[in-house]
Amino acid sequence: MKKLVVLLAVFAVVGIAMYAIAAPDQVVFEAKNGNVTFEHAKHAGADCITCHHEGSNDASCRSCHDGTAASSTKAPRGEFHTFCIDCHKGAGMKGTCNECHKR
């Protein structure tokens with residue numbers, strides 16, 4: 001009986017912790033052609049690993065995709081365009097740059 005109570009308590013604590021670290025509804029990416037507001041809440045139905053590769057969701061994109069020459073990853077613009085545009089086109093969505101880039 002004690003083991004069951006401890007197990008239930010652990011699940012309760014983990015569940016509360018996961019709820020407490022929920023992602024923001026919106027994320028704003030600064031861009032020279034106008035900032036892009038990513039509606040995170042609207043994309044919650046997608047598989048998280050699509051954007052949060054390697055299961056990491058505790059760091060910002062720019063922590064790896066910083067655009068420096070020493071970086072082994074693409075610059076932020078290239079990565080965001082690859083993820084965002086390719087996914088939207090794959091879903092049959094159309095749009096112009098100004099629909100995402102707001103000045």
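Can you give me the number of residues within segment 26-39 that are within 16 Å of the chain's Cα centre (by Cα), modelled with pLDDT under 85 and either part of a loop (DSSP other than H, G, I, E, B) or under 16 Å from Cys87 (Cα atoms) (or both)? Final tally of qualifying residues: 1. If you go through segment 43-61 and keep only what is of a type in the set (A, V, I, L, M, F, W, C), touching a Phe, Trp or Tyr at 6+ places or on another chain (Cβ under 8 Å) and modelled with pLDDT of 70 or more, you end up with just Cys51. For segment 23-45, a residue qualifies if it is among the aliphatic types (A, V, I, L, M) and out of contact with any Lys or Arg (no Cβ under 9 Å at 6 or more places or on another chain), and the qualifying residues are Ala23, Val27, Val28, Ala41, Ala44.
The values are calculated or read from the model by the stated rules, or taken from the named source; none is laboratory data. Predicted model, so just to flag it, every value in this text is computed and none were measured. Note that each Cβ is placed from the backbone with ideal geometry, even for glycine, and that neighbours are counted across all protein chains shown.
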